[in-house]
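J.: One structure is given below, represented as structure tokens, and several questions about it will come after.
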Amino acid sequence: MPDKITPCIWYDLGQARAAAEFYVSLGLPDSHIDARHDSPVDNPSSKAGEELTVAFTLAGRSFLGLNGGPRFPQTEAVSFQIYTDDQAETDRLWNAIVGAGGQESQCGWCKDRWGVSWQITPKRLMQFYDESPARAKAAFAAMMAMRKIDIAALEAAAEAAC
């Protein structure tokens, strides 16, 4: 049974399964395809018998991919935020998403090839909130100039502020 509240992500026709399969291939724990459902009747986005939805789990959270068509494209208003443990995990996830037809953005944000936005956020970046205001300000100023987050550069900026 899915979670009580499950985010539904709208994809162009026939893309939900490919997206879900890619997401679960990223190696996040407890990630898998749960089910796929064909449309029982013709509807505005598909014919009866065509795949309508794909239920999947990422890091233990349920999602539903809907093959809804091109009417509602993705925006940055909703994104997946992944907290990474170190630079290796940050690099691995960033490179997997961008390298598979995605595109880089600023401040640790990127988009996958379906237009879904991701924030690849090292936990270390968030820890600067709990440090001195000068260190936090320097680290966050450094982050604002980055595409993929470089933890060593954040540390260097914070150290230089002391």
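Values quoted throughout were computed directly from the atomic coordinates according to the rules given, and no laboratory measurement underlies them. As the structure is a computational prediction, the values presented were derived from the model and not from experiment. Every residue, glycine as well, gets a Cβ built from its backbone with ideal geometry; the counts of neighbours run over all protein chains shown.
J.: Looking at this structure, is Gly49 in a loop (DSSP other than H, G, I, E, B) and small (Gly, Ala, Ser)?
T.: yes
J.: Let me ask something else. Does at least one position in segment 41-53 carry a residue that is surrounded by 12 or more Cβ atoms within 10 Å (Cβ to Cβ), under 20 Å from the mean Cα position of the chain (by Cα) and without any contact (Cβ under 8 Å) to a residue 60 or more places away in the chain?
T.: The answer is yes, given that some residue of segment 41-53 is surrounded by 12 or more Cβ atoms within 10 Å (Cβ to Cβ), under 20 Å from the mean Cα position of the chain (by Cα) and without any contact (Cβ under 8 Å) to a residue 60 or more places away in the chain.
J.: How many of the residues in segment 26-40 are surrounded by 14 or more Cβ atoms within 10 Å (Cβ to Cβ), free of Cβ contacts under 8 Å to residues at least 24 places away in the same chain and in a loop (DSSP other than H, G, I, E, B)?
T.: Final tally of qualifying residues: 1.
J.: When segment 2-42 is examined, which residues are found to be of a type in the set (Asp, Glu) and in contact with a Ser or Thr (Cβ under 9 Å, 6 or more places away or on another chain)?
T.: Those that are of a type in the set (Asp, Glu) and in contact with a Ser or Thr (Cβ under 9 Å, 6 or more places away or on another chain): Asp3, Asp30, Asp34, Asp38.
J.: Wholly within segment 54-162, which helices (runs of 4 or more DSSP H) include no fewer than the required count, namely at least 3 residues that are of a type in the set (S, T, N, Q)?
T.: Where helices (runs of 4 or more DSSP H) fall fully within segment 54-162 and carry at least 3 residues being of a type in the set (S, T, N, Q), they are 87-99.
J.: I would also like to ask the following. Does segment 6-16 contain any residue that is in a loop (DSSP other than H, G, I, E, B), out of contact with any strand residue (DSSP E or B) (no Cβ under 9 Å at 6 or more places or on another chain) and over 11 Å from Leu66 (Cβ atoms)?
T.: Looking for residues that are in a loop (DSSP other than H, G, I, E, B), out of contact with any strand residue (DSSP E or B) (no Cβ under 9 Å at 6 or more places or on another chain) and over 11 Å from Leu66 (Cβ atoms), one finds none in segment 6-16, hence no.
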